[in-house]
Amino acid sequence: MPVRILRPTGPRNGWTVWAHGGSWHHGSALTWHHACADLAVVAGTTVVSVDYRLAPEHPHPAALEDFLTAVAWAQEQAASEATEVAVGGDSAGGTIAACAALVLRDRGGHLAAQVLAYPPIDPQCRADSYHRDPCAFPSAGALTAAWRGYRGERPDDSGGLYSTPMAAADLTGAAPAIIAVGELDPVIDDVRDYRSRLQAAGVPVRYLELPRTAHGAFLEPVPARLTRRGVPSLRSCLGRALAQAFAKQTGVTLPPRQRTFS
């Protein structure tokens, strides 16, 4: 299984295994290279970007199994360095990462954090936010079709391999969450609801809701017109929050990073 490893120079905040977006049907570690490189630099973490198998040729649980395999490998590397592992993803990758965090919880594993950038949660896309702007991406129709292609006609969440975090009866004990979404994103109601469910289960949540930000923002630097207004990029916000999550685990705060890699 191919992965892309992005390792900033100098001391590092453990390992972060990342699942790219693309509605479970598209995307690659190569396409996500620059975004994951920025995350690695800002967070000071080694990022393992996973080229998981894509639907519909490989429906659930193929992508989740690939991601969990990468997490197991990263945990071996982290153990040899006495460091921590986090999981994360954007859009459909955020859904995969959230499910992986629950699987690892069920198996008695430990994660420093789960980093979820605007993950779709409800396969039926029933929330009001999906219908506020008919021109917004992703549309409810396109996303429900993507869910069907990913989960198959008869989705099976048995065996503890969840296709959506909604399939978990209890979220207690899940890894601390860093969740980000833009105010213009159709999945925002899903994200807000999942945040509330995690908090109700006693899971620590750092929630970031970015103004004037749409779906897919992890791939894009913040536009200059918004920079002038003081709006940060979503991935820089995630990177800083992830660095802080690692620091909580280790008690060590690393200095700001230069944009260099080994």
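The values are calculated or read from the model by the stated rules, or taken from the named source; none is laboratory data. Bear in mind that the values here come from a model prediction, so they are computed numbers and not experimental data. Ideal geometry is used to build each Cβ from the backbone, glycine not excepted, and the neighbour counts take in all protein chains shown. We work out accessible area using only protein heavy atoms, side chains counted, and drop any ligands, DNA or RNA first. Shrake-Rupley method; radii C 1.70, N 1.55, O 1.52, S 1.80 Å.
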Check your understanding: Could we say that T213 is surrounded by fewer than 19 Cβ atoms within 10 Å (Cβ to Cβ), out of contact with any Cys (no Cβ under 6 Å at 6 or more places or on another chain), on the phi < 0 side of the Ramachandran plot and in a loop (DSSP other than H, G, I, E, B) here?
Key -> no
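Identify, please: which residue in region 169-182 is part of a loop (DSSP other than H, G, I, E, B) and either at pLDDT 95 or above or on the phi > 0 side of the Ramachandran plot (or both) and is, among those, surrounded by the most Cβ atoms within 10 Å (Cβ to Cβ)?
Looking only at region 169-182, we keep the residues that are part of a loop (DSSP other than H, G, I, E, B), and these are 169-176.
Adding the requirement that they be either at pLDDT 95 or above or on the phi > 0 side of the Ramachandran plot (or both) leaves 170-176.
On the way: D170: 11, L171: 20, T172: 12, G173: 12, A174: 24, A175: 26, P176: 19.
Among them, the one singled out is A175.
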Review point. Taking region 1-45 only, how many residues are hydroxyl-bearing (S, T, Y) and open to solvent by less than 50 Å² (accessible area, probe 1.4 Å)?
Key: 4
Point to revise | Residue list for region 69-87, filter: aliphatic (A, V, I, L, M) and touching a residue at least 40 places away in the same chain (Cβ under 8 Å) | key: A70, V71, A74, A78, V85, A86, V87
Check your understanding: Can you name the strands (runs of 3 or more DSSP E) wholly within region 1-77 that have at least 2 residues being of a type in the set (S, T, Y)?
Key -> 46-50
Check your understanding: Looking at this structure, is L102 of a type outside the set (G, A, S), in contact (Cβ under 8 Å) with a residue 24 or more places away in the chain and assigned to a helix (DSSP H, G or I)?
Key -> yes
**Study point:** Residue count for region 114-148, restricted to those that are in a loop (DSSP other than H, G, I, E, B), more than 18 Å from the chain's Cα centre (by Cα), among the charged types (D, E, K, R) and closer than 23 Å to A55 by Cα
**Key:** 1
Exercise for review: For residues that are open to solvent by less than 80 Å² (accessible area, probe 1.4 Å) and assigned to a helix (DSSP H, G or I), tally how many sit in region 193-204.
Suggested key: 5
Exercise for review: Could you tell me which numbered condition D90 fails, if it satisfies all but one of (1) surrounded by fewer than 24 Cβ atoms within 10 Å (Cβ to Cβ); (2) of a type in the set (D, E, K, R); (3) closer than 22 Å to G149 by Cα?
Suggested key: (1)
Study note, to complete from the structure: Note on region 161-191: residues free of Cβ contacts under 8 Å to residues at least 24 places away in the same chain and either hydroxyl-bearing (S, T, Y) or within 17 Å of A217 (Cα to Cα) (or both) are none
